[in-house]
Amino acid sequence: MSASELAARLARHAEAVCRHYLSAGRRYGNYWIVGDTANSKGRSLYVHLAGPRAGRWTDAATGQYGDLLDLVRESCGLIDFCDVASEARQFLTLPKTGSASEYRSIGAPGRSNRPAAERARRLFAMGQPLSDTLADKYLRRRGILRGSDHAALRFHPSCYYRDLLTGDTRRYPALIAAVTDPSGAITGVHRTWLDPSGDGKAKVETPRRALGSLLGNAVRFNVPVDAPVKVMAAGEGLETMLSLSYVIPGMPIAAALTANHLAAFKAPVSCLRLYIAADADDAGRHGSERLSQAARSLGILPLLLTPELGDFNDDLRSLELDRVTVNLRRQLCPEDVAAFLPAA
């Protein structure tokens, strides 16, 4: 049975799937509402139970979405598609009546709803150092020459990918980035699937996806674990912030990954100045404005960093490095120029 056929069969029993894997939620009209794929209490994730979108789900807090096969994968903390398919087939053999407790008691033996952070840590641990890998070459092609210096980045040579539209499954090499909270604990991962031939990102519909808890957290570079952070820069995209880190070596950097998550980013309590690298679009401006307001309310001085082109990776790829450095030098406070920028 193909992935799309499995997903369709699960969708015909959408409420039973939800009662089994998301027992902390409840039905509201034609939706099942719960906190997240880890079966937490809350109202962020909603699953369509009927109609043409039966089985489709979205987590409004993280931006994750998919069908019930994806939900089984996330809920059970599975990595390999063969394990996801096996779990789905086993569920489909179960009776589809009874209470939520009955559904839970007859589930696959030994399986548990692993928290998303645990699944993310597991995937990150499967990665290998970035140096001399396809992921390192991908970053170098984008002008980022020291990506392998960052412990937050790893390479996975064969990372599971599922097309959300067709249900097809494949494996691609991937750049894996650890999402961490202010204490440095991994709460999620960001995956960038790569073309095996070395031609940029994989030729798939969504070559970037996150797993785990992003809200308030970020991929962090150059952030010391044993000293207070007084100055740092935060922005959206992974490559954008890696570009800043390349030009401003040593400055603590955070990539929140989306505009909404940038708005919710939590700067360290010791931070005095927060540079915000805003993308040049409406979503980017909105995210940076909300983060600026939040920073001011905490007594942190927010300062915008503006690229000449669309974002700082565009600048790094299209302009001379000296020109990018001069542009940033004009925007940094003098003491930060002295601390983080190479001498002119």
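Scanning region 118-135 for residues that are open to solvent by 20 Å² or more (accessible area, probe 1.4 Å) and of a type outside the set (Lys, Arg) yields 118, 125, 126, 128, 129, 131, 132, 134.
Looking at the structure I just gave you, is residue 33 surrounded by fewer than 22 Cβ atoms within 10 Å (Cβ to Cβ), modelled with pLDDT under 90 and of a type outside the set (Phe, Trp, Tyr)? It is false that residue 33 is surrounded by fewer than 22 Cβ atoms within 10 Å (Cβ to Cβ), modelled with pLDDT under 90 and of a type outside the set (Phe, Trp, Tyr). The set of residues from region 290-322 being loosely packed, with under 15 Cβ neighbours inside 10 Å and under 22 Å from the mean Cα position of the chain (by Cα) comprises just one member, 310. Mind listing whichever residues of region 9-30 are open to solvent by less than 10 Å² (accessible area, probe 1.4 Å) and under 12 Å from residue 67 (Cβ atoms)? Passing the criteria: 10, 14, 17. Looking at (1) open to solvent by less than 30 Å² (accessible area, probe 1.4 Å); (2) within 23 Å of the chain's Cα centre (by Cα), can you tell me which one residue 6 breaks? Here residue 6 meets the rest and fails (2).
Between 37, 62, which is of a type in the set (Ser, Thr, Tyr) and either out of contact with any helix residue (DSSP H, G or I) (no Cβ under 8 Å at 6 or more places or on another chain) or not in a loop (DSSP other than H, G, I, E, B) (or both)? Among 37, 62, only 62 is of a type in the set (Ser, Thr, Tyr) and either out of contact with any helix residue (DSSP H, G or I) (no Cβ under 8 Å at 6 or more places or on another chain) or not in a loop (DSSP other than H, G, I, E, B) (or both).
Residue-wise test of (1) farther than 13 Å from residue 18 by Cα; (2) not β-branched (Val, Ile, Thr).
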| site | (1), (2) |
| --- | --- |
| 51 | yes, yes |
| 54 | no, yes |
| 57 | no, yes |
| 60 | yes, yes |
| 65 | yes, yes |
| 71 | no, yes |
| 79 | yes, no |
| 82 | yes, yes |
| 89 | yes, yes |
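Residues in region 39-86 that are open to solvent by 10 Å² or more (accessible area, probe 1.4 Å) and small (Gly, Ala, Ser): 40, 42, 44, 50, 51, 54, 60, 61, 63, 86.
Count of region 136-185 residues, restricted to those that are assigned to a loop (DSSP other than H, G, I, E, B) and open to solvent by 10 Å² or more (accessible area, probe 1.4 Å), is 17.
The rows are residues; the columns are (1) in contact with an Asp or Glu (Cβ under 8 Å, 6 or more places away or on another chain); (2) in contact (Cβ under 8 Å) with a residue 24 or more places away in the chain; (3) polar (S, T, N, Q).
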{"position": "136", "(1), (2), (3)": "no, no, no"}
{"position": "143", "(1), (2), (3)": "no, yes, no"}
{"position": "150", "(1), (2), (3)": "no, yes, no"}
{"position": "155", "(1), (2), (3)": "yes, yes, no"}
{"position": "163", "(1), (2), (3)": "yes, yes, no"}
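Taking the condition modelled with pLDDT of 95 or more, out of contact with any Ser or Thr (no Cβ under 6 Å at 6 or more places or on another chain) and open to solvent by less than 50 Å² (accessible area, probe 1.4 Å), does residue 233 pass? Against the criterion (modelled with pLDDT of 95 or more, out of contact with any Ser or Thr (no Cβ under 6 Å at 6 or more places or on another chain) and open to solvent by less than 50 Å² (accessible area, probe 1.4 Å)), residue 233 qualifies.
The values are calculated or read from the model by the stated rules, or taken from the named source; none is laboratory data. If you're wondering where the values come from, they're calculated on a predicted model, not measured in any experiment. Here Cβ is always computed from backbone atoms with ideal geometry, including for glycine, and neighbour counts include all displayed protein chains. The protein model used for the area step is the full one, side chains on, heavy atoms only, and it has no ligands, DNA or RNA in it. Shrake-Rupley method; radii C 1.70, N 1.55, O 1.52, S 1.80 Å.
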